[in-house]
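Enquirer: Structure provided below as structure tokens; questions to follow.
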Amino acid sequence: MQNKLQDYILPKAIPQVLKLLEHDHLVVKIKNERKTRHGDYMRLPNGKHQITINSNLNEYRFLITLIHEIAHFEAYKTYGRFIKPHGIEWKETFQHLMLPFLNPEIFPMELLPLLAKHFKNPKASSDSDVILALALKQFDQPNDKTFIFEVPLGQTFKIYNGKIFKKGAQRTKRFECVEVKTGRTYLFNPNAEVDLL
């Protein structure tokens, strides 16, 4: 497993990550890109626990996602199965596990203040923290996508599954967009990536 992780994690983070993964009943699998999640955790019927992480994540997002999922496992072990998936037990576990990684040997200096702010009260997804998500995306491979917040009002765009939308007004944080085919309104995070039409 170490050889596989070395392909995705910064060398300085590997010893600490391997310590967190020293469990006979924990399996980590690297998956092809999934559009709806970066990773997930589940308890398997055989009593083992499985973490999956998308292979297309940049090394910083990969590490955050891996620790996020390990926190689910640790919170389950400590508090049992009746806790909320992203409740206070998970948040405290995630904060505790992430703290040793929040240093300039692992993350670039420009990310550290954003990560410190995020981990005061971590969300179910780092994508919910728009400023952090945009900062992390600068380390992704370049692509020809456009962020929703950059799309002009009234412009049509297409998402990953081929559905076409027309951009509407911004609510408090998200943008109302109408699916052209059905007329239904959906809310998009400002940092969602789309193809302009």
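Readers should treat all values here as calculations from the given coordinates under stated rules, not as data from a laboratory. Just so we're clear, the structure is a prediction, and the values are computed from it rather than from any experiment. As a convention, Cβ positions derive from the backbone with ideal geometry for all residues, glycine included, and neighbour counts pool all protein chains shown.
Enquirer: Would you compute, from DSSP H runs of 4+ residues alone, the mean residue ellipticity of the chain at 222 nm, taking -39500 (n - 2.57) per run and dividing by the full residue count, rounded to the nearest 500?
Expert: Helix contribution divided over all residues of the chain: -8500 deg cm²/dmol.
Enquirer: Normalised by the number of residues in the chain, what is the relative contact order in percent for Cα pairs under 8 Å and 6+ residues apart?
Expert: This gives 13 percent for the chain.
Enquirer: Of Asn58, Val178, Ile9, which is farthest towards the positive pole of the chain's charge dipole, taken about the Cα centre with +1 and -1 on the beta-carbons of Lys, Arg and Asp, Glu respectively?
Expert: Checked the options; the winner is Val178.
Enquirer: Let me ask something else about it. Can you give me the long-range amide H partners of Leu26? Hydrogens built in the peptide plane at 1.01 Å from N, cutoff under 5 Å, separation of 5 or more residues or another chain.
Expert: Amide H to amide H, under 5 Å and 5 or more residues apart or across chains, Leu26 pairs with His49.
Enquirer: Specify whether the C-alpha gyration tensor of the range 146-196 places it in the rounded, prolate or oblate class, a ≥ b ≥ c being the square roots of the eigenvalues: rounded for a/c under 1.5, otherwise prolate if a/b is larger than b/c and oblate if not. Walk me through the intermediate numbers first.
Expert: Details: a/c = 1.57, a/b = 1.16, b/c = 1.35.
Judged from the Cα gyration tensor, the range 146-196 comes out oblate (a/c at least 1.5, b/c at or above a/b).
Enquirer: If you don't mind, another one. May I ask which residue of Val194, Ala169, Thr156 lies farthest towards the positive end of the charge dipole of the range 146-196, with charges of +1 (Lys, Arg) and -1 (Asp, Glu) on Cβ and the Cα centre as origin?
Expert: Most positive-ward Cα: Ala169.
Enquirer: Using DSSP to call loops (not H, G, I, E or B), can you name the trypsin sites (Lys or Arg not before Pro) in the range 76-111 whose Cβ has at most 13 other Cβ atoms within 10 angstrom? Present the calculation step by step, with values, prior to reporting the outcome.
Expert: Values: sites: Lys77, Arg81, Lys91; in loops: Arg81.
Here the sparse-neighbourhood loop sites are Arg81.
Enquirer: ³J(HN,Hα) across the range 99-106 via Karplus (A = 6.51, B = -1.76, C = 1.60, θ = phi - 60°), whole Hz, x for Gly/Pro?
Expert: Here the 3J(HN,Hα) series is 3, x, 8, 7, 8, x, 6, 10 Hz.
Enquirer: To make sure I understand, if each residue's beta carbon is the centre and we count other beta carbons within 10 Å, what order do Asp140, Asp40 fall in, fewest to most?
Expert: On the way: Asp140 14, Asp40 17.
Listed from fewest to most nearby Cβ atoms, that is Asp140, Asp40.
Enquirer: Taking the Cα centre of the range 2-137 as origin, work out the dipole magnitude from +1 charges on Lys and Arg Cβ and -1 charges on Asp and Glu Cβ, in debye rounded to 20.
Expert: Numbers: 19 positive and 14 negative charges, 80 e Å.
Dipole of the range 2-137, to the nearest 20 debye: 380 debye.
Enquirer: In debye to the nearest 20, how big a dipole does the range 146-196 give about its Cα centre with +1 on each Lys and Arg Cβ and -1 on each Asp and Glu Cβ?
Expert: I would put it at about 200 debye.
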